[in-house]
Every structure is written in structure tokens, then in C-alpha cells.
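Novice: One structure, pasted below without further comment.
The values are calculated or read from the model by the stated rules, or taken from the named source; none is laboratory data. Values in this document were obtained by computation on a predicted structure and should not be read as measured data. Using ideal geometry, Cβ is built from the backbone for each residue, glycine included, and neighbour counts are taken over all protein chains shown. Areas reflect the complete protein model, heavy atoms only, side chains present, ligands, DNA and RNA absent. Shrake-Rupley method; radii C 1.70, N 1.55, O 1.52, S 1.80 Å.
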Amino acid sequence: MRQVAIIGGGIIGATAAFYLSFLKGSESVHVTLYDDGTGQATKAASGIISPWLSKRRNKRWYALAKRGAELLPQLVMDANLGADVYQQTGTIVTRKDHADLLRLYTEAQRRAADTPAMGDIVLLTADQVGQRMPFITNPPEGVFVSGGAKIDGSAFVTQLLRNAESRNLTIVKQRVKLDRHGRVIDHTGQRQFDNMIIATGAWMKDTLAPLGVKAAIRPQKGQLIDLSLAADHSWMKLPVLMPEGSSDIIPFANGKLVIGATHEDDGQFDLTPTQSAQSELLGNAKVFINTLSRNQIVNVRVGTRAYTPDFGPFFGSLTTISDSILVGGGLGSSGLTTGPIIGYLLAKSILQRGLESFEAYTKPVSAYIH
């Protein structure tokens, strides 16, 4: 029985743990996952799966995000996740200038021609957006992409890990360290594993330090707010609004409305909710929903993202130390889209005892860890 360690229980670690319990060959491995849960970006996140119309020009990122969006419906089926975790309700992407919106619509049609996961593309007037999202008082015009989805990060991770625990996963709620030989130091002492996945997000620099390498990763604080609205209609199937240059508006069932998220470079690992962030997010949402008020805020969620200098995620083998040590991180704000596909590919490489080429999706790990 091969012993596999996963350090970090966020979206990469949780997806890897699930697929190490699900894919062919999983019957020959046992997985131990270490995570104390502090500051985890995924647990604080509710997000959108709709990478196809992003303004980002990083071709590797787009290839990875595109494949990630294609994987998620299959992952939802594989893990038997419910609509409270993931739902494909479509996304509405806006532009402030009408001519820009028409260009976006043309680009969306072009990309959809060879991207079945995008689904139907529809150009919507402001009135038509209002019909699809009745709680919006000042709807903008936009482009509807039916393949877009919304996801609850915390529920996603929780259910994946619960699923894997029923098979071959042991979870240790502890922050662990490595020694200089790549052994795990936990509450029982030193442990040697046959394979290891390190996915500690913004904390990866500290995780890898004992190995004598440096990770080019910086932390960024992100806050979201949850509001409770009186809903006299079902919100379960309402799409998501992605306004240009503003905060996303994500409706969930029973009148729950998520607004976010902030990008605070100076906040780093500070997990304290702030009034300024709440005011910023509420103000952004009130541009489109002028009936909102601060007393409707029922929860503030705070997490720490990890960014690389070129904003690109990375994953693969830490070849300078050992081919058996795999890493994945630097997800930034696209973690709910790119994290699952990274976790899947890392798990698959362990079970198949070899890495496929990841050149289409990421620069070499050595570009970020050296």
C-alpha cells in the first residue's frame, strides 16, 4: 500500500484527495491530508465558473481554466455533489460601452464554436437582464453564457473530503512542517511518504523553506459579503452577474446574495473583516440593486489568496528535490476554476506513476520555486 501525503486541504488538495480515492489504482494507496483550515481561500469563497470571456491574455492560464471548466460538471457527477454546491445557471457578462459589448458578443460566439462547454450565447438588453434577474433594479445590458456556473467553495471542499474519507483518506487537522529531507513532521514525529502533494496556497513559501528553496508567492486578502433578501421566487436557477470593473453578484437559493470579492494586497494574512470592505462591496452592488442596505449583511467571509509574479498558477514535480514531491499553487482569484483541474492532474500522475506534459497549462515549476 503506497502512502501519499497531501499538505493543504483547499481546492487543489481536496480535489486531489477525492481523485486519489476514485480513479483506477486508488485501491493501492492510502492518503493522509494535513490542514488546520486557517485562512483557507476556498472555504471563504463563493464563485463563478466562466473563464471564457476573461480579459486575461495569458494563453496558458486560459487553456488551464478552460479545461477546468470542462472538468467540473464531470467532477460533480463523480462525487455526487448537490445543487447546493455547484449549479450551472449561466453567467451574464457586462461591458460599460455598448460597442465593447458587441465586440464581446462576437468574441463569445467565436470561442463557443469550438468550446461546447460554453453552451448558448445570447446578447441581452437591459430589460432582458432584468427579466432573468428580477431582484436587480438597475440592470445593465450583457452577454449571457449558458455554460457558466456558480459554486460554493466551502461546501465543495467539505463534500469532496467527506467522500474520500469513506474510502482511503485520513484527515489530520494540524499544520505540519517538513524537514530538509522532505519528511513530514506531525504530532507523531517524522513520517516518510511515497508521494506528496504540497498545496498550501499563500503559505507555500513557509512550507517549502526547510527544503532550501524559495517560492515566488505573495498573499492577498479577499473579503466577500453575504446578504439575506426577501425572495418571493426561486433563486436556485438565477444566473450570475459579472459586471465590468465591479464586484460579482451571485444569487443562491432562499434569498442569499453573495457580493465579492475584494483584492487587498496590504491585508495579506490578516483575517479580520473590515467595515471599509463591506462598504466597498455593498456600494458596488447598490449600483445595480439600489434597495440594498447594510442591515441585510448577514456574514462576512475572509480568506488569503496566493499570487505569483506573472499571476499564473503552477503545478508539477519539485524535480530539484524529488520527483515524488508535487506542488500546485498560485491560483489567485481563479482558484475555483483552475484548482480542481490541477488537483485532478496531480492525483492522476501519482496513480499512473508519471507526469503528463503540463506545458500547455503552466510554466515549469522552476519558474516559481528555486
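Novice: Considering the options Q220, F315, G343, tell which one lies farthest towards the positive end of the dipole of the chain, charges being +1 on Lys and Arg and -1 on Asp and Glu at the Cβ, about the Cα centre.
Specialist: The listed residue farthest towards the positive side: F315.
Novice: According to the square roots a ≥ b ≥ c of the eigenvalues of the Cα gyration tensor, what is the shape class of region 325-370, taking rounded for a/c under 1.5, prolate for a/b larger than b/c otherwise, and oblate for the remainder?
Specialist: oblate
Novice: Give the lysines reachable from K59 as a straight Cα distance under 22 Å; neighbours fewer than 8 places away on the same chain don't count.
Specialist: Partners within reach: K363.
Novice: Same structure again: Which of G119, G222, G328 moves most in a GNM of the chain, Cα contacts under 10 Å?
Specialist: Judging by the Gaussian network model, the answer is G119.
Novice: Another one. So if I place +1 on the C-beta of Lys and Arg and -1 on the C-beta of Asp and Glu, and nothing else carries charge, what would the dipole magnitude of region 119-257 be about its Cα centre? I want it in debye, nearest 20.
Specialist: Dipole magnitude for region 119-257 comes out near 900 debye.
Novice: Number of Lys pairs in region 87-211 with C-alpha atoms less than 29 angstrom apart, excluding same-chain neighbours closer than eight positions?
Specialist: Close lysine pairs under the 29 Å cut-off: 4.
Novice: Report the convex hull volume per residue for region 55-180, counting only C-alpha atoms, in Å³.
Specialist: Hull volume over Cα atoms, normalised by residue count, gives 189 Å³.
Novice: With Cβ to Cβ distances under 11 Å as the rule, what net charge do the other residues near N168 carry (K, R +1; D, E -1)?
Specialist: Spelling it out: positives minus negatives among the neighbours equals 0.
Novice: Going from the alpha-carbon gyration tensor of region 105-241, what semi-axes, largest first and in whole Å, does one get by taking the root of 5 times each eigenvalue?
Specialist: Those come to 44, 20, 17 Å.
Novice: Per the Debye formula with a single identical scatterer at each Cα and no solvent contribution, what log10 I(q)/I(0) holds for the chain at q = 0.06, 0.07, 0.13 Å⁻¹?
Specialist: Reported log10 I(q)/I(0), two decimals: -0.22, -0.30, -1.02.
Novice: Under a Cβ-Cβ cut-off of 11 Å, what is the net charge of the residues other than S279 that fall near it, where Lys and Arg count +1 and Asp and Glu count -1?
Specialist: +1
Novice: Compare the Cα positions of A360, V129, L211 along the charge dipole of the chain (+1 at Cβ of Lys, Arg; -1 at Cβ of Asp, Glu; about the Cα centre) and return the one farthest towards the positive end.
Specialist: L211
Novice: How big is the charge dipole of region 83-201 about its Cα centre, in debye rounded to the nearest 20, if each Lys and Arg gets +1 on its Cβ and each Asp and Glu gets -1 on its Cβ?
Specialist: Here region 83-201 has a charge dipole of around 580 debye.
Novice: Mind telling me which of G82, G90, G335 comes out most flexible in a GNM of the chain, alpha-carbon contacts under 10 Å?
Specialist: The residue with the greatest mean-square fluctuation here is G82.
Novice: Between K214 and H98, what is 0.36 nm times their sequence separation minus the Cα-Cα distance? Round to one decimal in nm.
Specialist: My answer for the length gained is 37.1 nm.
Novice: Just the accessible area per residue of the chain, please: how many Å² with a 1.4 Å probe?
Specialist: 42
Novice: With every protein chain present, what accessible area does D310 have (1.4 Å probe, heavy atoms only), rounded to the nearest 10 Å²?
Specialist: 50
Novice: In square angstrom, rounded to the nearest 10, how much accessible surface does K205 have for a 1.4 Å probe?
Specialist: Number for this one is 100 Å².
Novice: Whenever you get a sec, compute what percent of the accessible area on the chain sits on carbon and sulfur atoms (1.4 Å probe).
Specialist: Carbon-and-sulfur percentage of accessible area, whole number: 49.
Novice: Please calculate the 1.4 Å probe accessible area of S366, with all protein chains present, and give it to the nearest 10 Å².
Specialist: Accessible area of S366: about 80 Å².
Novice: For the chain, calculate the relative contact order in percent as a whole number, restricting contacts to Cα pairs under 8 Å that are 6 or more residues apart.
Specialist: 26
Novice: Which whole-Hz ³J(HN,Hα) couplings does region 68-84 yield from phi under the Karplus relation 6.51 cos²θ - 1.76 cosθ + 1.60, θ = phi - 60°, glycine and proline marked x?
Specialist: So the J values, rounded to whole Hz, are x, 5, 6, 6, 4, x, 5, 4, 4, 5, 4, 9, 6, 7, x, 5, 6.
Novice: What is the magnitude of the charge dipole of the chain about its Cα centre, with +1 placed on the Cβ of each Lys and Arg, -1 on the Cβ of each Asp and Glu, and no other charges, expressed in debye to the nearest 20?
Specialist: Magnitude of the dipole: close to 560 debye.
Novice: Counting alpha carbon pairs within less than 8 Å and at least 6 residues apart, what relative contact order, in whole percent, applies to region 149-290?
Specialist: Here the relative contact order equals 18 percent.
Novice: For the charge dipole of the chain, defined by +1 on Lys and Arg C-beta atoms and -1 on Asp and Glu C-beta atoms about the Cα centroid, which residue among G182, M196, T262 has the Cα displaced farthest towards the positive pole?
Specialist: G182
Novice: Among V122, V213, what's the order by accessible area (1.4 angstrom probe), most exposed first?
Specialist: Solvent-accessible surface, decreasing: V122, V213.
Novice: Something else now. Using only DSSP helix segments of four residues or longer, with each worth -39500 (n - 2.57), what per-residue ellipticity at 222 nm results for the chain after dividing by its residue count and rounding to 500?
Specialist: -8500 deg cm²/dmol, from helical runs alone.
Novice: Just need the relative contact order of region 1-66 here, percent rounded to a whole number, with Cα pairs under 8 Å and 6+ apart.
Specialist: The normalised contact order for region 1-66 reaches 34 percent.
Novice: Please list, in order along region 284-293, the HN-Hα scalar couplings obtained from phi with the Karplus expression 6.51 cos²θ - 1.76 cosθ + 1.60 (θ = phi - 60°), rounded to whole Hz, x for Gly and Pro.
Specialist: For region 284-293, the Karplus curve yields 4, 5, 5, 4, 9, 10, 6, 8, 6, 9 Hz.
Novice: Another question, if that's okay. When you take every Cα atom in region 1-116, what is the radius of gyration, and what is Dmax, the widest Cα pair distance, in Å?
Specialist: Looking at region 1-116, its Cα Rg and Dmax stand at 18.0, 60 Å.
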